[in-house]
Amino acid sequence: MTRTNESRIAGLDALRGIAALAVVLFHFTNKHADLPGLAMPAWGSWFRYGHHGVELFFVISGYVMLMSVERAATPWRFIVGRFERLMPTFWAGTTITFLAILALGLGPRAVSVSDWLVGLTMQTEALNLVFRRDPPWRIVDGVYWTLTVEWFFYFLIFGVRLIGGIGREKVWCVLWIATIVLLSKLDGPWIIQALLGAKWAPYLATGVVIARMQQGKISRSLGSVILLGFGICAGVVSGAEAWWIWVIATAAVAWATSNGNSALALRPLLWLGGISYPLYLIHQNVGLSVLNRMQQKGIAWEASFGVAIVSTFAIAWILHETVELKVANWIKQRRSR
């Protein structure tokens, strides 16, 4: 790996850390209206925009996704690699979340054993739609919806690779812009909108174009026009606020991955970036279970918040070290035999 690639990866890891921290703080201080016994601190409004860390995650994902499929020997190897990378940690994370809810209680967010078993597929919403479940299976943690969207785009990139479309990003990007605008006019369940990519495609596609511009495979002038098109799409589909979120996320990824830029390579941010996937998986309902139980016992909010943060980060780190890294190494060793 070249020094330039190392700095780019470090920049992306740092951005993942920032995005993960923003989402965690948002969920702990703003996203619990369904838990009336859990008060929101006065300073919680400082983090009311933290949920937009998701858009930053999507731009980062788009940046690395195309390079991942190019490194894979075959399109199927790409899909298998994504499964190996994501699923073991997800199974562990969703199981820990289920057990935390079961042990500590989380009122209206309680889930059953069948909800947990279905949730292990990572596709609860899609399965509810396919089987027309009434009542539907409940998702173990609401944040998992983003993983459904990610898998759709993995299969989209898989399809592009399968038909030999990698390297023709100019054509695909123009078609994607037109498709996004058309899809934004459709009505239907959010899962249909998500799977068709109307709302989140501009962010993932933006990451793809930034990577291609830096590789010299799309010129700066054409790339800038395409990026502007994606930004306009984000605004058309989701409103003016989405336009500004797109601008910030795009600028952040472009700056963090520019040649020789190591300004974000700070150890705390890199550590957060390293544990960002397991942290994302367990932070909301595990953290809120801890926070809610401590509040019920009359413990001060600040102390409860501190314990929830420390315990959530500790569990995420343990998952990173014992599942995410070790399972990945075990899989590599098995494949090399």
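Observations on the structure shown:
- Tilt relative to the chain, helix 220-238 - C-alpha long axis, 0 to 90 degrees, to 10: 40 degrees
- In degrees, nearest ten, helix 276-296 long axis to first principal axis of the chain (Cα): 20 degrees
- Charge dipole (the stretch 3-336, unit charges on Cβ, about Cα centre) - positive-most of PHE26, ASN329, VAL111: ASN329
- Rounded to the nearest 20 debye, the dipole size of the chain about its Cα centre is 900 debye, using +1 on the Cβ of Lys and Arg and -1 on the Cβ of Asp and Glu.
- Residues TYR277, TYR49, ranked from the fewest to the most other C-beta atoms within 10 Å, line up as TYR49, TYR277.
- Value of [θ]222 nm, deg cm²/dmol, for the chain, DSSP H segments ≥ 4, -39500 (n - 2.57) each, nearest 500: -23500 deg cm²/dmol
- A simple spin-label model places pseudo-atoms 7 Å from Cα toward Cβ; at MET40 and TRP330 they are separated by 4.2 nm.
- Here, the chain yields an orientationally averaged convex hull projection of 18.0 nm² when only Cα atoms define the hull.
- Relative to the longest principal axis of the Cα atoms of the chain, the long axis of helix 75-104 lies at roughly 10 degrees.
Bear in mind that the values in this text are calculations on the coordinates, not laboratory data. Owing to the predicted nature of the structure, the values given are computational and were not obtained by experimental measurement. Every residue, glycine among them, receives a Cβ derived from its backbone with ideal geometry; neighbour counts consider all protein chains shown.
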